[in-house]
Amino acid sequence: MTRDVIIIGSGPAGYTAALYNGRAGLSPLMFAGHQPGGQLMITTDVENYPGFEDGIMGPDLMEVFRKQALRFGAEIIDQEVEKVDFSERPFRVWSHGQEYSSNAVIIATGASAKWLGLPTEVEFGGFGVSACATCDGFFFRGKTVAVIGGGDTAMEEAHYLTRHAAKVYLIHRRESFRASQIMQDRVLKDAKIEVIWSSVVEEICGVREPHKKVTSIAIADTTTMKGRTLDVDGVFVAIGHKPNSELFEGVLDADDVGYLKTQPGSTATNIPGVFAAGDVADSVYRQAVTAAGTGCMAAIDAERWLSSWSH
């Protein structure tokens, strides 16, 4: 049976697309992946999603999205898609060795923050370790935080955090930043930011009882290898994001980092009938609310495309 729409990936973009396509009577099939709900599943408090005045836990928000999509007839399979064929219609996708087909596809596979690879980074994730200042900066009002990185993302995160934190350490492993000059100037002029050059974070330290929280980081100078400890309440890893677009390499147009390219004012990719929404196509905003917005756009684009194509 060939479906009208297959949605690859969940999170705010995928679930919103499923909700809209479901309401339009298109009975979408969604492959939610091994982590249904995407990055929000590892976010504790979400306070900036409209409609939740007291905030909501990331996993709870995604559960609400999921139930709403199911209510309107979406079918959700919690599996990854391992292969696609967009060379002809109906499009074909494979999951767990089984083949599925559809006349339109919406890609909402999201992006993943790049991490340092420390076990304690995982352990304190959501308890003082974050990869999003705009998401979590508010929780560090009047506190001391560290930002790790040297590109534009790190500069933006450090600059943003000065609105909330009393002090921001910016830790970079080289002797110079690779960020744009305007961002560097802004950071270097800010009295709240202290740059620690040629240093790497070796350990994130904290307490586990009665509540998990970060208390300090162990850093080492890359030239002398001399170590020291900095007392911090939070750690923001800002070494970039990686779009989850490997599956579509060589099939869909992407930028040099891997973000899928869409046509201006649309979610359409270079293949008619294939649309991209959320963080897999967004290197700029990367917010739950913008992902949901483009999920809605992709669903409407797919619905209109199907209706013009079938006539």
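What residue, of GLY38, GLY14, GLY25, is at pLDDT 95 or above, crowded, with 24+ Cβ neighbours inside 10 Å, assigned by TED's automatic domain parsing to the domain that holds ARG286 and small (Gly, Ala, Ser)?
Values: GLY38 fails: at pLDDT 95 or above; GLY25 fails: crowded, with 24+ Cβ neighbours inside 10 Å.
Result: GLY14 is the single residue among GLY38, GLY14, GLY25 that is at pLDDT 95 or above, crowded, with 24+ Cβ neighbours inside 10 Å, assigned by TED's automatic domain parsing to the domain that holds ARG286 and small (Gly, Ala, Ser).
Does region 127-136 contain any residue that is of a type in the set (Phe, Trp, Tyr), out of contact with any Leu (no Cβ under 9 Å at 6 or more places or on another chain) and modelled with pLDDT of 90 or more?
Yes, some residue in region 127-136 is of a type in the set (Phe, Trp, Tyr), out of contact with any Leu (no Cβ under 9 Å at 6 or more places or on another chain) and modelled with pLDDT of 90 or more.
Residue-wise test of (1) part of a helix (DSSP H, G or I); (2) closer than 19 Å to GLY11 by Cβ; (3) modelled with pLDDT of 95 or more.
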{"residue": "THR215", "(1), (2), (3)": "no, no, yes"}
{"residue": "LYS242", "(1), (2), (3)": "no, yes, no"}
{"residue": "LEU252", "(1), (2), (3)": "no, yes, yes"}
{"residue": "PRO272", "(1), (2), (3)": "no, no, yes"}
{"residue": "VAL280", "(1), (2), (3)": "yes, yes, yes"}
{"residue": "THR290", "(1), (2), (3)": "yes, yes, yes"}
{"residue": "THR294", "(1), (2), (3)": "yes, yes, yes"}
{"residue": "ALA298", "(1), (2), (3)": "yes, yes, yes"}
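Every residue, every condition in (1) among the aliphatic types (A, V, I, L, M); (2) at positive phi; (3) touching a helix residue (DSSP H, G or I) at 6+ places or on another chain (Cβ under 8 Å), yes or no:
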residue	(1), (2), (3)
ALA179	yes, no, yes
ILE193	yes, no, yes
SER198	no, yes, no
THR222	no, no, no
LYS226	no, no, no
PHE236	no, no, yes
GLU249	no, no, no
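Answer with yes or no whether GLY265 is in contact with a Lys or Arg (Cβ under 9 Å, 6 or more places away or on another chain), assigned to a loop (DSSP other than H, G, I, E, B) and of a type outside the set (D, E, K, R).
It is false that GLY265 is in contact with a Lys or Arg (Cβ under 9 Å, 6 or more places away or on another chain), assigned to a loop (DSSP other than H, G, I, E, B) and of a type outside the set (D, E, K, R).
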Where a residue in region 116-135 is within 11 Å of VAL214 (Cβ to Cβ) and of a type in the set (A, V, I, L, M, F, W, C) and its partner, wherever it lies, is assigned to a loop (DSSP other than H, G, I, E, B) and modelled with pLDDT of 90 or more, with Cβ under 8 Å and at least six apart: PHE124/LYS212; PHE127/HIS211; PHE127/LYS212
Within region 189-208, identify whether any single residue is surrounded by 16 or more Cβ atoms within 10 Å (Cβ to Cβ), touching a Phe, Trp or Tyr at 6+ places or on another chain (Cβ under 8 Å) and in a loop (DSSP other than H, G, I, E, B), and answer yes or no. no
Given (1) under 19 Å from the mean Cα position of the chain (by Cα); (2) part of a strand (DSSP E or B); (3) β-branched (Val, Ile, Thr), ILE76 misses just (1)
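The values are calculated or read from the model by the stated rules, or taken from the named source; none is laboratory data. Since the structure is predicted, the reported quantities are computational estimates derived from the model, not experimental observations. Positions of Cβ are generated from backbone atoms using ideal geometry, with glycine treated the same way; all protein chains shown enter the neighbour counts.
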